[in-house]
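Beneath this line is the structure, given in structure tokens, with notes to follow.
Each reported figure results from applying straightforward, stated rules to the coordinates on display, with no laboratory input. Since this is a predicted model, take the numbers as computed values, not measurements. Here the Cβ is made from the backbone with ideal geometry for all residues, glycine too, and neighbour counts use every protein chain on show.
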Amino acid sequence: MPEHEHHVCPIWVGHLLNNPLRKLYQNPQKILGRHVREGMTVLDFGCAMGFFTLPLARMVGPEGKVIAVDVQAGMINKLAKRAQKASLSNRITARVCPPDALGLEEFNGKIDFALAFAAVHEVPDTSHFFREVSTLLKSAGKFLLAEPKGHVSDSRFKATLTIAEQHGFRILQPLRIFRSYGILLKNT
Ligand SMILES: C[S@@+](CC[C@H](N)C(=O)[O-])C[C@H]1O[C@@H](n2cnc3c(N)ncnc32)[C@H](O)[C@@H]1O
């Protein structure tokens, strides 16, 4: 397996990704607002310190839920602290997952919307990953996938989409996201 598939984003980059100035070019409300509604159950895969998790928790409201998973305990610990400070802990289930599984079987068929922002290129088994997300999502549930341009090649992103389609995802539309490949997928 190529070495890049084992690389995970270091904790210090997690702090950079959490920089509030990032909202100027990757605004969570603009990127996610039209896809997420109050009361939804949402997955934030590879959530890091929660740049998208906290805005998602506000979007789903008091009746909704955000399931945030990351392979690194350092990321989840920081997210948990931020969620508590923002009084959003009761809407967020934050968990450390192993690199090769999400471990969220109790949510199978219960997720309305999934986000994986700049995380799928770090997953060791992309095929297994899409199979799990498809199982977690409700039928016709949406999945917003974004990958960093430059870091991920055009051909690699296309190959990722092919794997998604092999696991029952249909491409709904490309999305314009700063310095990213963005795509909205639908579970079938
Ligand atoms: C580049 S960061 C992106 C973080 C966040 N989505 C954002 O846009 O701010 C990628 C994150 O995915 C996590 N990650 C990498 N491989 C993973 C895996 N197999 N399972 C869960 N999380 C993983 C990393 O620990 C890291 O926090």
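Some observations on this one:
- For the chain, the relative contact order is 19 percent, taking Cα pairs closer than 8 Å that sit 6 or more residues apart in sequence and dividing their mean separation by the residue count.
- Pairs spanning more than 24 Å between alpha-carbon atoms, out of Lys81/Lys149; Lys23/Lys85; Lys85/Lys149; Lys30/Lys142; Lys23/Lys81; Lys23/Lys78: Lys81/Lys149; Lys85/Lys149.
- If a spin label sat at a point 7 angstrom from the Cα of His128 along the line to its beta carbon, the backbone N atoms of segment 87-121 nearer than 15 Å would be those of 97-105.
- Gln173-Lys81 pseudo-label distance in nm [points 7 Å out on the Cα-to-Cβ vector]: 3.9 nm
- Across segment 1-77, the relative contact order, built from alpha-carbon pairs under 8 Å that are at least six residues apart, equals 31 percent.
- Label-point separation, Ala101 to Gln166 (7 Å along Cα→Cβ), nm: 2.1 nm
- Extension gain, Asn108 to His151, is 12.3 nm, computed as 0.36 nm per intervening residue step minus the present C-alpha separation.
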